[in-house]
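Undergrad: Structure provided below as structure tokens; questions to follow.
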Amino acid sequence: MDIGDFLRQGNGLEHVPAFLTSLAIGLLIGLERERIPVAKAGLRTFTLTALLGTLCAMLATKAGSPWVLAAGLIVVGAIIITAYLEGAAEEPGTTTEAAMVFCFGLGAMVWYGEATLAVMLAIVTTILLHYKPELQNLSKSLSRNDLQSVLQFAVLSFVILPILPNRDFGPYAALNPYQIWLMVVLISGVSLVGYAALRIVGQRYGAPLLGVFGGLASSTATTLVYARHGKGGEKFARLAAVVILIASLVVLIRLAVLSSVVSPRIVWYILPILAGGLVLGGIVTYLLWRNISRDGDLPMPEITNPTEIKVSLSFGLIYAVVLVCAAWLSDYAGSSGLYALALVSGLTDVDAITLSSLRLFELGKLNPQQTVSAITIAYLANMGFKLGLVAVVGGMRLARLCLWPVIAVMVGLGGAWGITFSDINNFKLN
């Protein structure tokens, strides 16, 4: 007879795993609190609190009365209040007290069959407790505009999105309010991550990371900012060129992520093409960067609130218009009309035509070749537009530095496209 069989014999020991899990949860959180000299609860108190939560939940189940669990919570609350009143001057905060109540709840969760979730929450709780100084510094570093960005993203994601109808409307049944707004949330989320990363990283890690996070937030804005500063000598022009080029290369990664999320079926067609441009362009960009000193401050991209409601509404409107136009042109003028739209719309924004093409592919209105070609054309048009922006704003010296990496990206994309779609059988939908 193994241990598992012994515990399942119905002698009361079958509940041991639940109490062991609660023991681990209490030890985990209590271990972190034990390190705080002024904390009024430590390793033993948190362990006993978690075990008490499981014990009260078990007794409540066997007695058929939830009041047993409630009584346990009241006892824990009374102990916490007493300890707080006696030692408020020693520990002015209430973090430990709140963690104890939460620990009791986690112990109860274990009894009710949510052990995995309880352990996950215990780990998250311990992380939050441990990184208090870092979280405080982060909170203090947030500006009013930063907090506004987070709140607006929350409105976009958790207020507006859930109430929109998830049905197809309009010409060619191409307009789905829920899907359209989901794309707005997706783009806003990616931009917000890049914006936050720029705020946190700042100038500390040099050109590569500024280019990466600038590309996530807005490659066009990043290009404009560094093109303005590209006239400050040969060294600074090279640094600016590296940031601009990395930001543009990150757009390829961004397109790969968007494609994988919105239309997983297109991944096997588009990833080799995007990888071709990324690898070849990345090699040439690296050769440009490797001989540049990392010393010296770089200007921060002046990127505005990426989740502003007005900006999000504008993108949603543009996306809807592009979606209908792409469906109409694909039906009326075939692939040539779609590619013309991709060329024009891609000059200033790659996301709208990318998402609309992926949506039409999912609806069965485009095949893989048309979808991938439209996205590729839009990206190439955007690269051409930014190269022209660099030449006008930053001067020809900066434009010449960017030219060969841009050509490398174009060659990589074109070569990978030719290889991927060399066989006519690849044109068929799965």
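Undergrad: Please list 412-420, 24-32, 102-110 highest first by mean number of surrounding beta-carbon atoms within 10 Å per residue.
TA: Ranked from most to least packed, the peptides come out as 102-110, 24-32, 412-420.
Undergrad: Something else: Once the other residues with Cβ under 14 Å from the Cβ of residue 407 are scored (Lys, Arg +1; Asp, Glu -1), what is the net sum?
TA: For residues surrounding residue 407, the net value is +2.
Undergrad: To the nearest 0.05, what FRET efficiency results for residue 124 and residue 166 with a Förster distance of 41 Å applied to their C-beta separation?
TA: 0.85
Undergrad: Rounded to whole Hz and in sequence order, give me ³J(HN,Hα) for region 109-114 from the Karplus expression 6.51 cos²θ - 1.76 cosθ + 1.60, θ = phi - 60°, writing x for Gly and Pro.
TA: Computed from phi, the couplings for region 109-114 are 4, 4, 5, 7, x, 10 Hz.
Every read-out reported here was derived from the displayed coordinates using simple, explicitly stated rules and does not represent laboratory data. Owing to the predicted nature of the structure, the values given are computational and were not obtained by experimental measurement. Glycine gets a Cβ as well: all are built from the backbone with ideal geometry, and neighbour counts include every protein chain shown.
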